[in-house]
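A quick write-up on the structure given underneath.
Quick note: the coordinates plus some simple rules give every number you see, no bench work behind them. Computed from a predicted model, the values in this text were never measured in an experiment. Neighbour counts run over all protein chains shown; Cβ positions are idealised from the backbone, glycine included.
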Amino acid sequence: MKTLIATTLAASLVAAPMAFASGTIDDAKRALQIGTDYGIAHFHSIELEDDHGDDGSMEIEGWLDEQWYVELDVNGDGSIRKEERHKRTDGPWGLSSAEAAEYIDASANQGMSRIEEIKINAKGEIEVEGDNADGQELEIDYRAGSMEPTKVDRDDRS
């Protein structure tokens with residue numbers, strides 16, 4: 001029993017910093033630029049790591065063309081640490097770089113100052129997670145094509 005408790009506690013301590021990982025609005029836009037420069041035409045998700053103690057790394061996923069889906073792990077300096085490509089037949093969908101930037105800006109207008117993740121699903125539902133300047137966690141949902149949030153959740157971390 002003690003082993004189970006110790007293992008659970010250790011796992012939660014390791015995962016805890018990852019739960020609060022985020023980057024600035026500029027970091028999110030930099031991730032878009034890195035993905036675009038790499039050739040991503042349709043973004044599925046961008047996940048930013050905390051720049052306090054981490055190296056500011058990020059994960060970027062999206063479509064390169066009609067057949068190739070890519071997952072990139074990017075170092076804080078913009079170099080690619082790991083790349084995985086998958087040939088897929090379901091065709092490209094997602095957000096263009098310009099569209100993703102618009103949702104980042106719309107989220108900043110809702111008070112978000114740090115972004116943890118932006119993602120879109122096949123139904124056109126966009127979710128932007130992050131924090132406001134006071135450290136309050138925000139989750140803002142949109143429908144593709146609209147900058148008006150469909151839902152804004154504010155959670156207090158304290």
Please identify every one of the GluC sites (Glu not before Pro) in the stretch 17-116 that sits in a loop by DSSP and has no more than 12 other beta carbons within 10 Å of its own beta carbon. GLU66
The stretch 22-155 - convex hull of the alpha-carbon atoms, volume per residue in Å³: 92
Quick check for me: using +1 on Lys/Arg Cβ and -1 on Asp/Glu Cβ, what's the dipole size of the stretch 22-155 about its Cα centre, in debye to the nearest 20? 560
Say each of TRP93 and TRP68 gets a label point 7 Å from the Cα, pointing the same way as Cα to Cβ; how far apart are those two points in nm? 2.3
Separation between the ASN121 and TYR38 pseudo-spin-labels, each 7 Å from Cα along Cα→Cβ, expressed in nm? 2.4
Packing-ranked peptide list from 120-133, 28-41, highest mean Cβ count within 10 angstrom first, is 28-41, 120-133
Neighbour counts of other C-beta atoms within 10 Å: give me HIS86, HIS44 arranged from fewest to most. HIS86, HIS44
